[in-house]
Amino acid sequence: MTISRAQGSVTFPANFMLVAAMNPCPCGFYGDPTKECSCSESVVSRYQKRISGPLLDRVDIFVEVPRVDYEKLAADTSGEPSATVRARVEGTRRQQQGRFQATRLTCNAEMSPTEVRQYCQDRLEESARSLLRLAMQQLSLSARAFHRVLKLARTIADLAGQEEITSQHVAEAIQYRNRGRS
Ligand SMILES: [Zn+2]
């Protein structure tokens, strides 16, 4: 990461993955299906705007995490084991290292616009291309957001073991964008 200011520029070695969580509003119940939020709309809006737009624009995946019902917590059924997920992620990482072995890149997130064109835009199925065009217009996505959606769709396709990016992969990538701010 290089930071340039009037006095000169400094390069910091930095390669990290940011994972963060926040409440939807001061009381914590905005959007809750059962308990009503006691905050006014203006308070909710002010609260959510405390994180700057340019910072949010750099976050690839937004996921709303609703409260889990007691019945679900107490149920015997368990989800997919972490070990299985880990194996799938490691396999996909290896596949990406193979894709970029002739370059200095190691994973999809590091792709520049040139690689995005080669590995994402040129691998879109026709229906995926139309869906992306529509989303760009309706959500007025920034150029940065456009590239981020494409990289994410590439990764979703990789996890599914598919070379071509389908409209399903693009749709999933788009729904991870931050609603309201694109
Ligand atoms: Zn609230």
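The values are calculated or read from the model by the stated rules, or taken from the named source; none is laboratory data. Since we're looking at a predicted model, the values are computed, not measured. Please note: Cβ atoms are built from the backbone with ideal geometry, for glycine as well, and neighbour counts cover all protein chains shown. Note: accessible area is taken over every heavy atom of the protein model, side chains too, but ligands, DNA and RNA are not part of it. Shrake-Rupley method; radii C 1.70, N 1.55, O 1.52, S 1.80 Å.
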Lys and Arg at +1, Asp and Glu at -1: add these up for the other residues within a Cβ distance under 13 Å of CYS107 and post the number. +1
Could the peptides 55-61, 127-133 be put in order, highest first, of the mean number of other beta-carbon atoms found within 10 Å of their residues? 127-133, 55-61
Can you list the residues, at least 5 places off or on another chain, whose amide H is less than 5 Å from the amide H of LEU124, using H built in the peptide plane? ILE165
Once you wrap a convex hull around the alpha carbon atoms of the chain, what is its projected area averaged over all directions, in nm²? 14.7
Rounded to the nearest Å, the spacing of the alpha-carbon centers of the stretch 46-73 and the stretch 90-145 is 24
Gain on full stretching of the segment that runs from THR2 to THR106 - 0.36 nm per residue minus C-alpha separation: 35.5 nm
Ignoring ligands, DNA and RNA, what accessible area per residue does the chain give at 1.4 Å, in Å²? 72
Extension length gain for THR77 and ASP57 (0.36 nm per residue less Cα distance), in nm, is 3.5 nm
Surface share of carbon and sulfur [accessible, 1.4 angstrom probe, percent] for the chain: 53
What number comes out for the charge environment of GLY28, summing +1 per Lys or Arg and -1 per Asp or Glu over other residues with Cβ under 10 Å away? +1
